[in-house]
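Scroll down for the structure; my scribbles are underneath it.
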Amino acid sequence: MDKIIVFLDNLHAQIFDPERLPVAVIALTLVSVPGVLFGALGGNANPLFWRTVDFLFGPLGSKLDKTERKAGDLITRGTIITLTAVAMAFLLGQAFQTLSTEYPNYRIVDIVALSLIMGAGAGWNALGRLYKAVNGKNMVKGAFYALATTTRSNLTTADEYTITRVGIGMGARLFDKGVVAPVLWYLIGGLPVAYLYAGLAALSWRFGKEGFTKGFGNTALALEKLMGFIPNVFSGVLVSLAGLLTPTAGMTRSFIGLFHFNKGRAHYHEGGATVTAMAWALKVSLGGATQDVDGSAIKRGWAGPDGATAQLDAKHLHRALYILVMAHLLFAMTLLVGIVIEGHGLFS
């Protein structure tokens, strides 16, 4: 028995630093509550750091990403931009880590730095505004703008069903890329590794076109998938579990969807396990073709069980929002359980 405890202790120490758990809980609260109350800053519900990457590298990347050029040329250009941006992100994370070491009081530096690469409440606010607009058939200020800006989608010609599907997909992806993945990498590698991942996630959002890039975003997409695959699966499991706590949703059906490898699953770059779990939990079809703000066709596949409807309305949006809130709470509870276990000395 003692050998088992020692083994678990060593495994626990290698996987993550338990002292970072309270930081993650506070940072999650910090990005959730103000985000819900005040909405997306500038109409963009993505993490603040993503927007910094967009500001620094977006204009240059747009000039270099000329679709008429050969794929090899675009891949080379995209790789240079990706490596430069990722190096900057890692060094910024390292700078925050150094600052945290010098000023360790209450880990305030860690809390603020981690919250900059997370996004939660603002996405809920955006979905809530969209729900009011779809349900009441009224104009709600910023309802469609926040969705279009956050997802980089051209919604001017999209119908209500498409807009609702894009909104639900946005919420699922934000939970994965803006909450679970950065927190897990922070627990494992601290701020430098968390910022490294956040840089890749930001570049994938800005240039990846959900996998339909002509080559410029290939490197960012590949590296993000390398770091994001396991967190994506974990996010999908949390969404499935949240289905148990959501009226008319289905946890069992959602887990079936996660292991339904033939069809009905979202490609990783189109949301992966998180979008798949959401679609199966709600028994709807998510995905479908849209156009991004640059005019590129985003030809998403369909995720969801056979026979599920793709004509989504306000009630589907309401249930999806409920699932997302429950998934966030389950993730927070997981972190809190880790704190309790550590406090009782099980792994110490």
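The values are calculated or read from the model by the stated rules, or taken from the named source; none is laboratory data. Since the model is a prediction, treat every value here as computed from it, not as a measurement. Reconstructed Cβ throughout: ideal geometry from the backbone, glycine too, with neighbour counts over all protein chains shown.
Among the residues of segment 298-333, write down those that are of a type in the set (A, V, I, L, M) and within 14 Å of ALA277 (Cα to Cα). Result: ALA303, ALA308, ALA320, LEU321, ILE323, LEU324, MET326, ALA327.
If the condition is being in a helix (DSSP H, G or I), crowded, with 22+ Cβ neighbours inside 10 Å and modelled with pLDDT under 95, then segment 36-58 contributes no residue at all. Cβ-Cβ distances below 8 Å connect the following pairs, each with a first residue in segment 219-231 that is over 18 Å from ALA327 (Cβ atoms), a second residue that is among the β-branched types (Val, Ile, Thr) and assigned to a helix (DSSP H, G or I), and a separation of six or more residues or different chains: THR219/ILE75; THR219/THR79; THR219/THR82; ALA220/THR82; LEU223/THR82; LEU223/VAL86. Scanning segment 97-125 for residues that are modelled with pLDDT of 95 or more and within 22 Å of the chain's Cα centre (by Cα) yields ASP110, ILE111, VAL112, ALA113, LEU114, SER115, LEU116, ILE117, MET118. ALA148 passes every criterion in (1) assigned to a helix (DSSP H, G or I); (2) small (Gly, Ala, Ser); (3) under 21 Å from VAL33 (Cα atoms) apart from (3).
So that you can scan it fast, the table gives a plain yes or no per residue for (1) touching a Phe, Trp or Tyr at 6+ places or on another chain (Cβ under 6 Å); (2) not acidic (Asp, Glu):
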residue	(1), (2)
VAL36	yes, yes
GLY42	no, yes
ASP54	no, no
SER62	no, yes
THR67	no, yes
THR84	no, yes
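Quick check on my filter: what residues within segment 151-162 are in a helix (DSSP H, G or I) and either over 16 Å from the mean Cα position of the chain (by Cα) or among the aromatic types (Phe, Trp, Tyr) (or both)? Walk me through it before giving the result.
So the first thing to find is which residues in segment 151-162 are in a helix (DSSP H, G or I), and the list is 151, 160-162.
Selection gives GLU160, TYR161, THR162.
Determine whether segment 282-293 contains at least one residue that is over 25 Å from TRP124 (Cβ atoms), of a type in the set (S, T, N, Q) and touching a strand residue (DSSP E or B) at 6+ places or on another chain (Cβ under 9 Å). Scanning segment 282-293, I find at least one residue that is over 25 Å from TRP124 (Cβ atoms), of a type in the set (S, T, N, Q) and touching a strand residue (DSSP E or B) at 6+ places or on another chain (Cβ under 9 Å), so the answer is yes. Of everything listed in (1) closer than 19 Å to LEU92 by Cα; (2) modelled with pLDDT under 95, the single unmet condition for LEU200 is (2).
Condition test on LEU11, is it assigned to a helix (DSSP H, G or I) and modelled with pLDDT of 90 or more?
When the stated conditions are applied, LEU11 does not pass them.
Scoring LYS66 on the criteria (1) closer than 21 Å to ALA126 by Cβ; (2) in contact with a Leu (Cβ under 8 Å, 6 or more places away or on another chain) leaves a single failure, condition (1).
When we screen GLY178, GLY123, GLY169, GLY217 for residues that are surrounded by 23 or more Cβ atoms within 10 Å (Cβ to Cβ), touching a strand residue (DSSP E or B) at 6+ places or on another chain (Cβ under 7 Å) and under 28 Å from PHE57 (Cβ atoms), the only hit is GLY169. Within segment 163-218, being closer than 21 Å to VAL237 by Cβ, β-branched (Val, Ile, Thr) and over 16 Å from the mean Cα position of the chain (by Cα) holds for one residue alone: ILE188. Just checking, does segment 63-75 include any residue being surrounded by 20 or more Cβ atoms within 10 Å (Cβ to Cβ), at pLDDT 90 or above, basic (Lys, Arg) and part of a helix (DSSP H, G or I)? Within segment 63-75, none of the residues are surrounded by 20 or more Cβ atoms within 10 Å (Cβ to Cβ), at pLDDT 90 or above, basic (Lys, Arg) and part of a helix (DSSP H, G or I). Looking at segment 245-348, the helices (runs of 4 or more DSSP H) lying wholly inside it that each contain 1 or more residues that are touching a residue at least 60 places away in the same chain (Cβ under 8 Å) sit at 272-282, 314-343.
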